[in-house]
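Novice: This is the structure, below, for whatever I ask next.
Every number in this text was worked out from the coordinates using simple rules, so none of it is lab data. Every value quoted in this text rests on a predicted model; they were computed, and no experiment measured them. Neighbour counts run over all protein chains shown; Cβ positions are idealised from the backbone, glycine included.
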Amino acid sequence: MISQWISANDEFIVVADEKYAVNTIGRIRMLSVGKAATAMAAASFAVLGGRISEALVITKEGHQLELLPWPVYDGGHPLPDERSVAAAQRVNDFVRNAKEEDLLLVMISGGASALLADLPDTIPLADWRELTNTLLRNGAPIDVLNTVRKHFSLLKGGRLAVLAQPAKLHSLIISDVPDDDLAVIASGLTVPDPTTWQQAESILQKFIGDWRLPASLQEYLNKGLNGGIPETPKPGDPAFERVRNTIIGNNRMALEAAALSAEQLGYRAIIHPVPLSGEAREISVQLLTQLSAATKREGVCYLAGGETTVTVKGRGKGGRNQEFVLAAVNHLMLHPDLPCPALLCAGTDGTDGPTDAAGASIDAGWLQQVSNTGPDPQPFLDNNDAYAFFEQTGGLVKTGPTLTNVMDVMILIPATASPEDEG
Ligand SMILES: O=C(O)[C@H](O)CO
């Protein structure tokens, strides 16, 4: 994707629809952050090579690529850790003190919000981790989570772009959020932020449940609400006049590529019209019921994308994709009259929750065997322990890090469907 969006000749560096005249720009510097950071950096290097005078790459552990000519640092994910604090400091040092003629290329992909813990001085990392964990476990969707992140931050919510002034800044962005909302992806590092302290407060009231905000966060919130901490920069802020943000990849592109593959295999591919969102176990059953009504269609492959959430009530291990498939298994076992489709649900980044699996998959043969020999999926579902269930039954999908990140993909082939070409 990068090579479609960046090109260079003796006169111009072209980034998306922006032409930067070589004789007017000084240094070209690059910051790449997120789960796709190393792949994006390597692809940019392939196009721009030595024209990039300096680069900083921040990614998740295990998402490294060898042979990058620049330093690559890890941050913690899904919960930020000390590495995320150091990474944020590095980013801060890297982008400030820019010169007017500099061009800062920023490669952004999902995961960056946790990889950078750009916390104000008064907020200890431990408090921040606890808050992030609580919001995640209580099923906060990404736009909600990132509204909070942007307000307790030194770089998010467009502040990185403000820090980089007066340089020209161009971000190329891979979206891993619903509707490709620029202000939500990676907490909108280079995008003006329409959200407010008041919204952050209502979200906290709604999503932290019985947990009490630690004093450091409560004090910071109160200060924000009372005007003691400036709001995030808003749309229309002149600081963004020299800033461009371009989305170069998203979930829809992955679904279209999957549809093409399915059609090459002889299926008729149908892309689900709405992105998946909501509680994984509920959406899974809704979709099964809806699509099983359509099982008379021969040779169909349904594809859906999006990102569900899990409200964690148990103590098990899993991720939203594994829980989605586990809920389907449970439903199918409770309704043996329903034909079992082939179903796969996985994160395109290769990681589902805090596990080493991308997701899970089942088919009729697998279900038959598990129905005969157990275990019963219900207790695993009650304990949010999808990983253990699929580990025992052989349903985990493991790809390892894919070095990209465009949310999740679900593939469902109804029981009666078969490819035109059996081969
Ligand atoms: O990093 C993040 O904020 C999420 O992956 C969404 O982009």
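Novice: Calculated from DSSP H runs of 4 or more alone, at -39500 (n - 2.57) each and per residue, what is the 222 nm mean residue ellipticity of the chain, nearest 500? If you can, show how the numbers build up before the last one.
Specialist: Working: 15 runs with 150 residues, N = 423.
One gets -10500 deg cm²/dmol as the mean residue ellipticity at 222 nm.
Novice: Can you figure out the FRET efficiency of Lys206 with Phe12, using R₀ = 60 Å and their beta-carbon distance, to the nearest 0.05? Present the calculation step by step, with values, prior to reporting the outcome.
Specialist: Working: r = 49 Å, r/R0 = 0.81.
Computed FRET efficiency for Lys206 and Phe12: 0.80.
Novice: Using mean Cβ contacts within 10 Å as the protection proxy, how do 200-208, 313-321, 141-149 order, highest first? Before the final figure, lay out each step's value.
Specialist: Values: 200-208: 16.8, 313-321: 20.0, 141-149: 22.3.
Result, highest mean Cβ count within 10 Å first: 141-149, 313-321, 200-208.
Novice: Another question, if that's okay. For the range 147-235, take the alpha-carbon Rg, divide it by the Kirkwood Rh, and send me Rg/Rh. Provide the component values of the computation, followed by the final result.
Specialist: Values: Rg = 14.0 Å, Rh = 13.9 Å.
That ratio is 1.00, to two decimals.
Novice: Can you run phi through the Karplus equation (6.51, -1.76, 1.60; θ = phi - 60°) for the range 389-401 and list ³J(HN,Hα) in whole Hz, with x for Gly and Pro?
Specialist: 4, 6, 5, 5, 9, x, x, 6, 9, 10, 10, x, x
Novice: Here is the link list: Lys313/Lys398; Lys150/Lys223; Lys150/Lys234; Lys35/Lys168; Lys60/Lys234. Which ones come out longer than 19 Å on Cα distance?
Specialist: On the way: Lys313/Lys398 25 Å; Lys150/Lys223 15 Å; Lys150/Lys234 12 Å; Lys35/Lys168 24 Å; Lys60/Lys234 29 Å.
As for pairs spanning more than 19 Å Cα to Cα, those are Lys313/Lys398; Lys35/Lys168; Lys60/Lys234.
Novice: I need the GluC sites (Glu not before Pro) found in the range 326-423, filtered to DSSP loop residues with at most 13 other beta carbons within 10 Å of theirs. Each step should come with its number before you reach the end.
Specialist: On the way: sites: Glu391, Glu420, Glu422; in loops: Glu420, Glu422.
When the GluC sites (Glu not before Pro) of the range 326-423 are filtered for loop state and at most 13 Cβ neighbours within 10 Å, Glu420, Glu422 remain.
Novice: Would you grab the residues whose amide H sits under 5 Å from the one on Ile270? Only those 5+ places off in sequence or on another chain, please, with H modelled 1.01 Å from N.
Specialist: Placed amide hydrogens put Cys301, Tyr302, Leu303 under 5 Å from Ile270.
Novice: To continue, here is another question. Among the GluC sites (Glu not before Pro) within the range 85-143, which fall in a DSSP loop and have no more than 11 other Cβ atoms within 10 Å of their own Cβ?
Specialist: Glu100
Novice: With charges only on Cβ, +1 for K and R and -1 for D and E, what is the dipole size of the range 251-421 about its Cα centre, in debye, rounded to 20? Don't skip to the end; give the middle numbers.
Specialist: Working: 10 positive and 19 negative charges, 35 e Å.
So the dipole magnitude of the range 251-421 works out to roughly 160 debye.
Novice: If you scale each eigenvalue of the Cα gyration tensor by 5 and take the root, what three semi-axes come out for the chain, rounded to whole angstrom and sorted largest first?
Specialist: On the way: eigenvalues 306, 146, 60 Å².
With the √(5λ) rule applied to the chain, the semi-axes are 39, 27, 17 Å.
Novice: Against the globular-protein guess of 2.2 N^0.38 Å, express the Cα radius of gyration of the range 196-336 as a ratio, rounded to two decimals.
Specialist: Details: Rg = 21.9 Å, N = 141, 2.2 N^0.38 = 14.4 Å.
Scaled against compact globular proteins, the figure is 1.52.
Novice: Tell me which trypsin sites (Lys or Arg not before Pro) from the range 11-54 have a DSSP coil assignment and no more than 11 other beta carbons within 10 Å of their own.
Specialist: Values: sites: Lys19, Arg27, Arg29, Lys35, Arg51; in loops: Arg27, Lys35.
Passing both the DSSP loop test and the Cβ count: no residue.
Novice: Run the dipole for the chain about the Cα centre, Lys and Arg Cβ at +1, Asp and Glu Cβ at -1, nothing else charged, and hand back the magnitude in debye, nearest 20. Display every interim value, and only then the final one.
Specialist: Details: 33 positive and 50 negative charges, 147 e Å.
That gives the chain a dipole magnitude of about 700 debye.
Novice: Now a separate question. If you restrict to DSSP beta bridges whose two residues both lie in the range 251-421, what percentage is antiparallel, to the nearest 5?
Specialist: On the way: 17 of 23 bridges.
Within the range 251-421, antiparallel bridges account for around 75 percent of the total.
Novice: Angle between the Cα long axis of helix 142-151 and the longest principal axis of the chain, 0 to 90 degrees, nearest 10?
Specialist: 20 degrees
Novice: Calculate the translational D of the range 251-421 in whole µm² s⁻¹ from Stokes-Einstein, where the hydrodynamic radius comes from the Kirkwood formula applied to all Cα pairs, the temperature is 10 °C and the viscosity 1.306 mPa s. Write down the numbers at each step before the final one.
Specialist: On the way: Rh = 15.8 Å.
Estimated diffusion coefficient is 100 µm²/s.
Novice: A follow-up question, please. Gain in length, Arg27 to Val274, computed as 0.36 nm per residue apart minus the alpha-carbon separation, to one decimal in nm? Each step should come with its number before you reach the end.
Specialist: Values: separation 247, 0.36 × 247 = 88.92 nm, distance 4.32 nm.
Working it through step by step, the gained length comes to 84.6 nm.
Novice: Calculate, in nm to one decimal, what Thr196 and Glu219 gain on full extension: separation in residues at 0.36 nm each, minus their alpha carbon distance. Can you show the working numbers first?
Specialist: On the way: separation 23, 0.36 × 23 = 8.28 nm, distance 1.65 nm.
Result: 6.6 nm gained on full extension.
Novice: Relative contact order for the range 251-421: what is it in percent, counting Cα pairs under 8 Å that are at least 6 residues apart?
Specialist: Working: 368 pairs, mean separation 54.3, N = 171.
Relative contact order here is 32 percent.
Novice: Please report the antiparallel percentage of the DSSP beta bridges confined to the chain, to the nearest 5. Working shown, then result.
Specialist: Numbers: 25 of 59 bridges.
Approximately 40 percent, going by the DSSP bridge assignments.
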